[in-house]
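Read the structure below first, then the notes.
The values are calculated or read from the model by the stated rules, or taken from the named source; none is laboratory data. Quick caveat, the model's predicted, so the values are computed rather than measured. Every residue, glycine as well, gets a Cβ built from its backbone with ideal geometry; the counts of neighbours run over all protein chains shown. Keep in mind that these areas ignore ligands, DNA and RNA; they rest on the heavy atoms of the full protein, side chains included. Shrake-Rupley method; radii C 1.70, N 1.55, O 1.52, S 1.80 Å.
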Amino acid sequence: RRRMETIIPPTPKNTAFLSKTAAARTRFAGYGARMEDEYFTTPNGPTLVTNWPREIAEVEARTMKLRASAPPHDEAVLRRYPRARVIQ
């Protein structure tokens, strides 16, 4: 698996982003989320109808809230997929 630092070009903007997100990327390594915006077409133009968090702190807060309400891990499933790891 390739690390983000090896994929994106080393521009000043990307370097600043990598620096700003280093702690979060380390903390949530191996965890993925796909967030897609949805728009409705209205007479006044497209209207955004999704409310996904945009800032790192907002994404982390929502992740922790969802994780706290998740059912307990099934040990049998974890043994079947040993590469999966639980992030504390």
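Local charge sum around SER19 (other residues, Cβ-Cβ under 12 Å, Lys/Arg +1, Asp/Glu -1)?
Numbers: positive: LYS13, LYS20, ARG25; negative: GLU5.
Overall, the nearby charge balance is +2.
On the accessible surface of the chain, probed at 1.4 Å, how many percent belong to carbon and sulfur atoms? Could you put the intermediate results ahead of the total?
Working: 4610 of 8010 Å².
The value for the chain is 57 percent carbon and sulfur by accessible area.
Rounded to two decimal places and with Rh computed the Kirkwood way over Cα pairs, what is Rg over Rh for the stretch 6-74? Spell out each step's value before the answer.
On the way: Rg = 16.4 Å, Rh = 15.1 Å.
Ratio value, two decimals: 1.08.
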Gaussian network model of the chain, Cα within-10 Å springs - most flexible of ARG27, ARG54, ARG67: ARG54
Residue-by-residue Karplus 3J(HN,Hα) for the stretch 24-32, coefficients 6.51, -1.76, 1.60, Hz, glycine and proline x: 5, 5, 5, 4, 10, 4, x, 9, x
Where LEU78, LEU66, LEU48 fall by accessible area, highest first, once all protein chains stay in place (1.4 Å): LEU66, LEU48, LEU78
Karplus-derived HN-Hα couplings along the stretch 44-51 (A = 6.51, B = -1.76, C = 1.60, θ = phi - 60°), whole Hz, x at Gly and Pro: 8, x, x, 10, 5, 10, 9, 10
